[in-house]
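Encoded as structure tokens, the structure appears first; notes follow it.
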Amino acid sequence: MPNAKDSSNPSIADLVKDNYVFAAVLHYFGISFFQYKEKSLEDVCRKFRVKAAQVMAELEKWAGQKEPSSEELYLHPIEVLVEYLRKKHYDFVCQQLPFLSNMIAGIRVEGKYKELLADMGLMFPLFVDDFVHHIHEEEDTLFKRIALLHHLEEGDYNLVDALRFLEAKSITHLAHAHEVHDDEMEGIRKLTNDYQLEANAPMELKVLYYHLQNFEAELAVHAKIENDLLFPKALELEKEVRRKVQIKIQSN
């Protein structure tokens, strides 16, 4: 917590120590907390032409965000579920991964943690490339197939085209391929010894490990939603489309 004498104008370091999420909020405004940790929030906001009140309001907004439960998501139709997952993809790729990459590339520490950060600097970009490729592949295959299944379910299609589409990679095939990516951060977890740090480790590393661990936890929830909700709903949709196509074949 900030000292009493600093309470009216706390330093970036004080604010981040008090709440590690503040580091991500600062990144949202283009501010790398580790570069300005000894500066006051007012001074840094003045430099970046933003208002301190605006930054603090954003922090409160983030704190108040609540993800829908699995039960709530289950009650929505599959197209709503796909849109929710697509928005999470955007958050991962456009906010969280750039924030983590910025910390890994920009944090400067000495001693035994210097080599660890160097190794992470080599490993994390490979993880990012693989993860982004996986997301694009998922949206171009699974999400696209679900959208086309909706189109077929409406009944406006050519039978030959519908049969050709249904013979392509099924939802079951895509589900098996998806399972390969369920533990994408295993390498990072091993490198960081399951995100364990000594009590006297640099504050910057504590912030980094906190956000890496939270990111992995979000990925686990994301994968569970896809495996337990999206794929079962997609399988049911595909089954229903196959049934309707067979009826149409028999009626011709």
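Give the calculated FRET efficiency between K144 and N214 to the nearest 0.05, with a Förster radius of 35 Å applied to their Cβ-Cβ distance. The pair K144/N214 has a calculated efficiency of 0.70. Each label was represented as a point 7 Å from its Cα along the Cα-to-Cβ direction; for S251 and L116 these points are 6.5 nm apart. Among the trypsin sites (Lys or Arg not before Pro) in segment 150-252, those placed in a DSSP loop whose Cβ has at most 13 other Cβ atoms within 10 Å are K169. Expressed as a whole percent, the accessible area of the chain that falls on carbon and sulfur atoms is 52 (1.4 Å probe). For K112, a cut-off of 16 angstrom between C-alpha atoms picks up these aspartates and glutamates, skipping any fewer than 8 places away in its own chain: E198, E204. Summing charges over neighbours of S70, with a neighbour being any other residue whose Cβ is under 12 Å away from its Cβ, gives -4 when K and R count +1 and D and E count -1. Take 91-97, 31-37 and order them by the average number of nearby Cβ atoms within 10 Å per residue, most first; the result is 31-37, 91-97.
Among the GluC sites (Glu not before Pro) in segment 90-141, those located in a DSSP loop and surrounded by at most 16 other Cβ atoms within 10 Å of their own Cβ are E110. Label sites at D228 and K47, each approximated as a point 7 angstrom past Cα along Cα to Cβ, lie 4.4 nm apart.
When the P(r) is computed for segment 1-151, the part past 18 Å accounts for 69% of the Cα-Cα pairs. Can you spot the lysines whose alpha carbon is less than 22 Å from K233's alpha carbon? Ignore those fewer than 8 places along the same chain. The qualifying lysines are K87, K88, K144, K169, K224, K244. Taking a point 7 Å out from the Cα of A177 in the direction of its Cβ, the residues of segment 107-148 whose backbone N falls within less than 13 Å of it are 134-146.
A simple spin-label model places the labels of E153 and S70 2.2 nm from each other, with each point 7 Å out along Cα-to-Cβ.
Relative to the Cα centre, what is the charge dipole magnitude of segment 1-103, using +1 at the beta carbon of each Lys and Arg, -1 at the beta carbon of each Asp and Glu, and rounding to the nearest 20 debye?
460 debye
Bridgeable lysines around K17 (alpha carbons under 17 Å apart, same-chain partners fewer than 8 residues away excluded): K5, K37, K39, K206. Taking the Cα atoms only, what angle lies between the long axis of helix 203-225 and the longest principal axis of the chain, rounded to 10 degrees? That works out to roughly 10 degrees.
Checking [x] 23.1, 84; [y] 21.7, 71; [z] 16.9, 55 against the coordinates, the calculated Rg and Dmax of the Cα atoms in Å falls under label [x].
The values are calculated or read from the model by the stated rules, or taken from the named source; none is laboratory data. Keep in mind that what you see is a predicted model, and the values were worked out from it rather than measured. We place every Cβ from the backbone using ideal geometry, glycine too, and count neighbours over all the protein chains shown. Remember, those area values only see protein heavy atoms, side chains included, never the ligands or the DNA or RNA. Shrake-Rupley method; radii C 1.70, N 1.55, O 1.52, S 1.80 Å.
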